[in-house]
Structures are given as structure tokens and as C-alpha cells.
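S.K.: Could you have a look at this structure, given as C-alpha cells, before my questions?
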Amino acid sequence: MAVLYRAADNVDVSGVAALQTKIYAEVGAKVRLYMAQILPDGMVSLNDIGAECEDGASFELIRLELGAGRLYSGCETDLKGSASVFQAGIGYAGRPNQKLDMNYTVRHRGKKTESRMD
């Protein structure tokens, strides 16, 4: 699945863009989520992801944060199933005077779980 959120070209906008995504990966499921955010400096971006992985399930997140004057971004993943996996590749472009707050948490509850964040 891919998600892109951005402001229209050549438009000076301000406000808040809020997005919440919930993922439930059933037994053996493989979920890959690509997200990109391109918002102008006048915007506040709130982006929250929650994921839960059952036995043998995996969740991979590829995320680019390329804008917004204030950016609040995070993901909480619950690896509750045995041999469940979370992988994340996160990139951002920071600028002077931009406020950036990122929080990524993985809870390893199942046996032989794995996680990696880059």
C-alpha cells in the first residue's frame, strides 16, 4: 500500500494535516506500507501508525518526511505473535526552524521476534 499526502503546487497554505493508520497483520501476512509527506512550512503534520503482528507476520514501513513546519510522526508496533517481524526505513529532510518530533516503538511480546529500524 502507498500513501502520499501533499499540498497542491504553488499554493500557500497553513493548517493541520492529521493521518492515523492502523495495521493488523494476521497469521503469516506480509504487509508493506510506503508513506511520503510533502507539505509547506505553514503546515503541521501529525502522522500516527499502529500495527499488530500475529504469528509469522511481518510489517515493513518505508517512510519519507519531506516537509511541514512542525512534524509529529510515530509508529507503535506490537509483535505479539511468534516469529513476527517489523522493519522500518525512515528518511526526513530537516530545515532550519523546522520542529521535528519522531517516536518509533516496537513491543516484542512473542517468541523469536525481530525488528530493525534504519
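The values are calculated or read from the model by the stated rules, or taken from the named source; none is laboratory data. All values reported here derive from a predicted model rather than from experimental measurement. Here the Cβ positions follow ideal geometry from the backbone for every residue, glycine too, while neighbour counts run over all protein chains shown. Just so you know, the surface numbers come from the protein's heavy atoms only, side chains and all, with ligands and any DNA or RNA stripped out. Shrake-Rupley method; radii C 1.70, N 1.55, O 1.52, S 1.80 Å.
S.K.: If I filter the range 71-97 down to residues being within 16 Å of the chain's Cα centre (by Cα) and of a type in the set (D, E, K, R), which single residue comes out as surrounded by the most Cβ atoms within 10 Å (Cβ to Cβ)?
M.R.: 78
S.K.: Here is a further query. Would you point out which residue out of 39, 4, 19 is open to solvent by 80 Å² or more (accessible area, probe 1.4 Å), at pLDDT below 95 and not acidic (Asp, Glu)?
M.R.: Every option except 4 fails the conditions.
S.K.: For the range 37-74, name all the residues that are under 15 Å from residue 25 (Cα atoms) and not polar (S, T, N, Q).
M.R.: 49, 50, 51, 52, 53, 54, 55, 56, 57, 59, 60, 61
S.K.: Find the residue count for the range 45-59, including only residues that are more than 28 Å from residue 93 (Cβ to Cβ), open to solvent by less than 10 Å² (accessible area, probe 1.4 Å) and of a type in the set (Gly, Ala, Ser).
M.R.: Matching residues across the range 45-59 total 1.
S.K.: With (1) touching a strand residue (DSSP E or B) at 6+ places or on another chain (Cβ under 7 Å); (2) modelled with pLDDT under 95; (3) not basic (Lys, Arg) as the list, and residue 96 as the residue in question, which single condition is left unmet?
M.R.: Result: residue 96 fails condition (1) only.
S.K.: What about residue 64, is it open to solvent by 20 Å² or more (accessible area, probe 1.4 Å) and either touching a residue at least 24 places away in the same chain (Cβ under 8 Å) or in a loop (DSSP other than H, G, I, E, B) (or both)?
M.R.: yes
S.K.: Taking the stated definitions as given, is residue 28 assigned to a strand (DSSP E or B) and surrounded by fewer than 18 Cβ atoms within 10 Å (Cβ to Cβ)?
M.R.: For residue 28, the condition - assigned to a strand (DSSP E or B) and surrounded by fewer than 18 Cβ atoms within 10 Å (Cβ to Cβ) - is not met.
S.K.: Could you give every pair whose Cβ atoms fall below 7 Å, whose first residue belongs to the range 85-96 and is within 12 Å of residue 38 (Cα to Cα), and whose second residue is at pLDDT 95 or above and surrounded by fewer than 16 Cβ atoms within 10 Å (Cβ to Cβ), counting only separations of at least 6 or pairs across chains?
M.R.: none
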